[in-house]
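So the structure is just underneath, and the comments pick up after that.
No value in this document is a laboratory result; all are computed from the given coordinates. Only a predicted model underlies this, so the values are computations on that prediction, with no experimental measurement involved. Positions of Cβ are generated from backbone atoms using ideal geometry, with glycine treated the same way; all protein chains shown enter the neighbour counts.
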Amino acid sequence: MPTILITGANRGLGLEFARQYAAEGWRVLATVRDPSKGRAVSEAGAEVHLCDVADFGSVARLESTLKGVSLDILLNNAGVYGEHQDFGSLDADEFLRVMRVNALAPLKVAEAFANHLTGRKIIAAVSSKMGSISDSNSGGSYAYRASKSALNMLIRTLAVDLAGRGVTTVALSPGWVRTDMGGPSAPLDAASAVAGLCKVLEGLKPADSGGFFHWDGSRVPW
């Protein structure tokens, strides 16, 4: 049975990833920060584990709990948008919190679980087109944009460092999706975005490692 570990799976895209992979017969290991919010992902057919990815001691405890478990895919989905991040009102502590959750935490999770990867050996991270430097035309959202750009660079660098282990790393752009983060006006529903991203992951080749892919399979410019 193929196995996937999904961080931040209690709602939105993470929950939808858990649903779709469980429906395809995968063993789904899903993390939540709050045990009271794990019911939906459990009902989706996933095994729920407590982990706050921004607490690296919590990440280490999860790795210890899953000692000996082989993973086909490590999916870094947990992330935050952040507040007070427009020019002139930027909160420095909030900026650092967003960077810690969205960029540093996926790297620490990758460090913790790289040795668990067998089979497909994929490390994926949910990024955003807002992390594309060449596509940044609307301004604002400094912390979120910077964190996703940093995440993209980390994915590219991991592709180099883990090539010898046969690991494929990719950044994923789900598009503007109707979730708590995306809001009700977003044009894309979570089920469609995740189905597209699952198709991207299914079709990955070693040559794709270090790439940045949109939910429709197209490459996103850096």
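Here are a few things to note about the model shown:
- Proximal charge balance of L188 [Cβ under 13 Å; K/R count +1, D/E count -1]: -1
- L50-M1 pseudo-label distance in nm [points 7 Å out on the Cα-to-Cβ vector]: 2.4 nm
- Compactness of region 132-222, taken as the C-alpha radius of gyration over 2.2 N^0.38 Å, stands at 1.15.
- Full extension of the chain segment joining R165 with D34 gains 43.8 nm, where the gain is 0.36 nm per residue of separation less the Cα-Cα distance.
- Between E202 and D93, the C-beta separation translates, for a Förster distance of 45 Å, into a calculated FRET efficiency of about 0.65.
- Centroid-to-centroid, using Cα positions, region 36-91 and region 131-169 are 18 Å apart.
- Inter-site label distance for E24 and R11 at 7 Å from Cα along Cβ, in nm: 2.6 nm
- Between S64 and T157, residue separation times 0.36 nm minus the direct Cα-Cα distance comes to 30.9 nm.
- Among beta bridges that DSSP assigns inside the chain, antiparallel share in %, nearest 5: 5 percent
- Calculated Cα Rg over 2.2 N^0.38 Å (choose from (i) 0.94; (ii) 1.24; (iii) 1.12), label: (i)
- Counted charge near Y21, where neighbours are those whose Cβ lies closer than 15 Å (Asp, Glu -1; Lys, Arg +1): -2
- Net charge contributed by nearby residues that have their C-beta within less than 15 Å of R61 (K/R +1, D/E -1): -1
- Per-pair calculated FRET efficiency, R0 = 25 Å: A195 and S138 via Cβ, rounded to 0.05: 0.40
- Helix-only mean residue ellipticity at 222 nm for the chain, each DSSP H run of n ≥ 4 adding -39500 (n - 2.57), per residue, nearest 500: -10500 deg cm²/dmol
- Span-rule helices in the chain, defined as complete DSSP H runs reaching 20 Å or more along the axis (Cα) with Kyte mean at least -1.0: 142-161
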